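The values are calculated or read from the model by the stated rules, or taken from the named source; none is laboratory data. Keep in mind that this is a model prediction, so the values were computed, not measured. Counting neighbours? That spans all protein chains shown, and the Cβs are built from the backbone with ideal geometry, glycine included.
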Amino acid sequence: MKWNYLLGTPFQYDFNMPSSSHIPFSHHSIVPTFHYSNYPPSDVNIQLQNRVYHGGGALKPAHVYFDSMEVNLDVGPDIHDVTDMLAYLVQKSKIENGVLCANAVGSTGSITTIEFEPGVVKDLKDAIDRLAPPGMPYAHEKAWHDGNGHSHVQAALLGPSITIGVRNGRLRLGTWQQVVVINHDNHARSRSIEITITGA
């Protein structure tokens, strides 16, 4: 059973619910019936049935925007900054407050954040190759003989997706924090990135 609600801050508030262990549900809705008082405070947002409650304000429609992009990358590990493109898509979505999710399609690509400057980029490349060095024996090679066993392991360790908050129409990133896409494959690749932005 899915509860269709999201809290904009960590769950640390008490709902005054009935003493029964079962929360009543309507047959026509998956939204639980909550009994509460003096909730939520003004700094909390709650989404109910595709509406976002802004503390101290009215209900606003929630929207979902999706897009994709291609990033051309050299032999891995190759790292490319995509922060500006993601920021452009946030503006294009017209979503002021919500969340952006981006995922690299394929098992030899990853996405993360770093300070995108030459020293950190080199450090990250070196660390990636230390984690899963090319040239070592990998079981994957025995099956496919394509020389990229290390690529799959590297990508799995870094992960294929990232989630970033959107606040006041901008990505909530640090001053020296950029979003990067990484190709780990043993040949140049055009990596597809799928972006979904949800909010109001």
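Quick notes on this structure:
- Some residue of region 115-127 being closer than 15 Å to ARG170 by Cβ and surrounded by fewer than 17 Cβ atoms within 10 Å (Cβ to Cβ): no
- Listed by first and then second residue, the pairs with beta-carbon distance under 7 Å, at least 6 apart or on different chains, first residue in region 92-119 and farther than 23 Å from GLY165 by Cβ and not assigned by TED's automatic domain parsing to the domain that holds ASP74, second of a type in the set (Phe, Trp, Tyr) and surrounded by 17 or more Cβ atoms within 10 Å (Cβ to Cβ), form an empty list.
- Elements of type strands (runs of 3 or more DSSP E) in region 45-96, at least 1 residues being aromatic (Phe, Trp, Tyr), at pLDDT 95 or above and buried (at least 16 other Cβ atoms within 10 Å of the Cβ): 63-73
- From the list SER161, SER151, the lone residue that is closer than 23 Å to SER68 by Cβ and in contact with a Cys (Cβ under 8 Å, 6 or more places away or on another chain) is SER161.
- Number of residues in region 133-160 that are over 14 Å from ILE79 (Cα atoms) and surrounded by 15 or more Cβ atoms within 10 Å (Cβ to Cβ): the value is 9.
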